[in-house]
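Here, each number is a calculation from the coordinates, and none is a lab measurement. No experiment lies behind these values; they were computed from the predicted model shown. Note that each Cβ is placed from the backbone with ideal geometry, even for glycine, and that neighbours are counted across all protein chains shown.
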Amino acid sequence: MRVHVVLFTSDLRVHDHPPLRAALTAADAVVPLFVRDTGVAGFLAANREAFLADCLRDLDAGLRERGGRLVVRSGAVVDEVAKVVTETDACAVHVAGGVSAYAHRREDRLRDTLRRLGCDLVAHDGVVTCVPPGAVTPDARDHFAVFTPYHRHWARHGPRAVVRAPRAVRVPDGVGGEVLPERADVAGVSPGLAEGGERAGRALLTSWLRSGIGAYEDRHDDLAGDATSRLSPHLHFGTIGPVEAAHRARAAGGPGAEAFVRQLAWRDFHHQVLAARPDAAHADYRTQHDHWRRAPREVEAWQEGRTGYPVVDAAMRQLRHEGWMHNRGRLLTASFLVKTLYVDWRVGARHFLSLLVDGDVANNQLNWQWMAGTGTDSRPNRVLNPLTQAKRYDPDGAYVRRWVPELADVEGSAVHTPWKAAGLDRAALGDYPDPIVHLPDGLARFKRARNLD
Ligand SMILES: Cc1cc2nc3c(=O)[nH]c(=O)nc-3n(C[C@H](O)[C@H](O)[C@H](O)COP(=O)(O)OP(=O)(O)OC[C@H]3O[C@@H](n4cnc5c(N)ncnc54)[C@H](O)[C@@H]3O)c2cc1C
């Protein structure tokens, strides 16, 4: 009996899954395997651990509906895969091609180990991203450093065709696995964390395409409207494939769909930068020779949502409560930390990664670098003024009132400047803090630091 192994990583789905499809076509039986990698245990924040538990249970359910099941093991990935290959005498292992330095190392080590066991490693492109890193490049360079030309080439290349979900999955007898993890066993999870799993992801995509995407172009920056897809955790864990999302969005048609697909291209863009420059996960992509401040009390106020700037605080509290934050919130809170407080982007990126359910090295680190002006932004010194941002993207203050209970009774846009309240109104704000920094001072400090005076 020909046995192949499918190693699931950030592709926890049965729909549009080229590795699973290829294994089922070539083999008589397949081992769907997920290894809880003890090497990255520290990286997996509680919110992602909990979401992952949902995803594994749902993937197992999806495979069981087709006559199979998910085998879960814990340990070093290469060792665990090698054990399963030996136990089942498998002749090939299929995996989605990764983009991070970690994924590349894992792939190299797997290939070496499997070769010694007489087993092939087949890495499949177009599973984690729509267009594989390196598939489109500028002349004489290994990646695009500017989004607009990347997007042009990306659109011309297009995604591969969608692969149908299998009808049947046959798993060889006797392959042992662990009890599946449960969300309830994970401590420290954000109370408003979304549900994980392919079923939840597909339902979300369907309702988004039916009733959300049409208004996306006009409303994606409306903080209170919350009118983005919220698909990012599903794209991160691969419970929705980006290729299928792009095809189905295109089929929906219209300017909203085009704008949404463009965001998927941004996702691919950051992945191709990280694939070519893995050090960008921790080092400046384009240094500005910053000598960042260490400001522990201000950083703590930022993390806690107590900077005294309500729109910043609302977004930081949304992050803590949901393990997710609106993109406009991510932009303005990041600008506040790196530009207004002039604190190292790595400090902010680390905090985001400790909470974000969609937290991922390519998108998080490179968006942080974009906002810090050390990444791919062609305007590295842009500063987002939180008051201007509030006026533009939360004009009535509804977003702030939702997330900052101390300010819930302040009507209209006055909620953005609580320090202007006087007398009894001021007393009613309880212990909501005064601003921790005067914005013009922060701007002047940043300009001095970057020699922009
Ligand atoms: C400082 C900062 C940190 C970020 N960290 C992450 C992160 O760790 N993980 C993450 O997935 N996104 C990150 N983003 C990008 C973006 O904010 C989120 O992808 C988006 O808010 C997710 O919400 P959504 O699914 O409703 O997005 P939608 O607006 O519905 O967009 C659809 C999809 O496109 C992709 N996308 C959208 N915007 C971007 C972008 N700027 N860069 C890359 N992909 C994008 C996402 O996969 C998203 O799910 C970060 C942005 C900033 C400014």
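The charge dipole of the chain, taken about its Cα centre with unit charges on the Cβ atoms of Lys, Arg (+1), Asp and Glu (-1) only, comes to about 860 debye.
Restricting the calculation to Cα atoms, the range 296-449 yields a radius of gyration followed by a Dmax of 15.0, 48 Å. With r as the distance between the Cβ atoms of Val146 and Arg297 and R0 = 30 Å, compute the FRET efficiency 1/(1 + (r/R0)^6) and round to 0.05. Approximately 0.20, to the nearest 0.05. Applying a DSSP loop filter and a limit of 12 other Cβ atoms within 10 Å to the trypsin sites (Lys or Arg not before Pro) in the range 70-169 leaves Arg141, Arg164, Arg167.
With unit charges on the beta carbon (Lys/Arg positive, Asp/Glu negative), name the residue among Ala123, Leu59, Ala194 whose Cα is farthest towards the positive pole of the charge dipole of the chain. Of the candidates, Ala123 comes out farthest on the positive side. Near Trp266: Cβ cut-off under 14 Å, other residues only, Lys/Arg at +1 and Asp/Glu at -1. The net charge is -1. With Cα atoms defining each centre, the range 63-122 and the range 242-309 are spaced 30 Å apart in the structure. With bins 10 Å wide beginning at 0, the percent of Cα pairs of the range 3-127 falling in each bin runs 13, 47, 35, 5. Each of Met371, Met325, Met1 has some number of other Cβ atoms within 10 Å of its Cβ, and from fewest to most they run Met1, Met325, Met371. At a Förster distance of 45 Å, what's the computed FRET efficiency of His104 paired with Asp218, Cβ-Cβ distance as r, to 0.05? Working from the Cβ atoms, E equals 0.65. The stretch between Ala398 and Glu182, if pulled fully straight at 0.36 nm per residue, gains 74.2 nm over its current Cα-Cα span. Site pair Leu439 and Arg379 shows an inter-label distance of 1.6 nm when each label is modelled 7 Å from Cα along Cα→Cβ. Given +1 at the Cβ of Lys and Arg, -1 at the Cβ of Asp and Glu and no other charges, the dipole of the range 296-449 around its Cα centre is 600 debye to the nearest 20. Within the shell defined by Cβ-Cβ distances under 9 Å, the residues around Glu198 carry a net charge of +2, with Lys and Arg each +1 and Asp and Glu each -1. Taking a straight line from the alpha carbon of Lys447, these aspartates and glutamates sit under 14 Å away, with near neighbours fewer than eight places off in the same chain left out: Asp290.
For Lys420, the lysines whose Cα falls under 19 Å of its own Cα, not counting residues fewer than eight places away in the same chain, are Lys391. Both radii were evaluated on the Cα set of the chain; the Rg over Rh quotient, with Rh as the Kirkwood radius, amounts to 1.00. The distance linking the range 6-36 with the range 383-430 is 50 Å (Cα centroid to Cα centroid, whole angstrom).
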